[in-house]
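The values are calculated or read from the model by the stated rules, or taken from the named source; none is laboratory data. Nothing here was measured: the structure is a model prediction, and the numbers come from that model. Virtual Cβ from ideal backbone geometry, glycine too; neighbours counted across all protein chains shown.
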Amino acid sequence: MKRGQRFRCMICGSEVVLIRAKTGAVRPVCCNQPMTLTKDSVRMYRCPVCGSEAGVIREKSGGLRLICCNVPMQALAA
Ligand SMILES: [Zn+2]
Ligand SMILES: [Zn+2]
């Protein structure tokens, strides 16, 4: 499992993002069906000062910046 992996319910369109990946296998279920792993994972960022984490769900303009504690948040390896 990787941080930022994204699952979608093909029936109702619900989406789940994996924020913290450990050793277990996350298998979300919705509408009585296993949710489908999508190809586009969410880019995760962490603040180097306080440890806050954020994920970019959708970026439209290309000018998106994540700032926390007055410093840019750092992209995390998937
Ligand atoms: Zn569903
Ligand atoms: Zn911070």
* Residue count, segment 2-14 (criterion: more than 10 Å from ligand 1 (Cβ to nearest atom) and surrounded by 15 or more Cβ atoms within 10 Å (Cβ to Cβ)) -> 5
* When you go through (1) exposed (fewer than 15 other Cβ atoms within 10 Å of the Cβ); (2) modelled with pLDDT under 95 one by one for Q33, which number turns out not to apply? -> (2)
* Asked: In segment 10-43, which residues are under 29 Å from Q74 (Cα atoms), in contact with a Cys (Cβ under 8 Å, 6 or more places away or on another chain) and of a type in the set (S, T, N, Q)?
  -> S14, T36
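Give segment 58-78 a look and list any residue that's part of a loop (DSSP other than H, G, I, E, B) and surrounded by 13 or more Cβ atoms within 10 Å (Cβ to Cβ), or say none.
Across segment 58-78, the qualifying residues are L66, M73, L76.
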* Test for G55: is it part of a strand (DSSP E or B) and of a type in the set (G, A, S) -> yes
* Output for segment 19-45, where each listed residue is free of Cβ contacts under 8 Å to residues at least 24 places away in the same chain and outside any loop (DSSP other than H, G, I, E, B) -> V29, C30, P34
* **Answer residue from segment 46-57, given it is touching a residue at least 12 places away in the same chain (Cβ under 8 Å) and either small (G, A, S) or assigned by TED's automatic domain parsing to the domain that holds V16 (or both) and is surrounded by the fewest Cβ atoms within 10 Å (Cβ to Cβ) among those** => S52
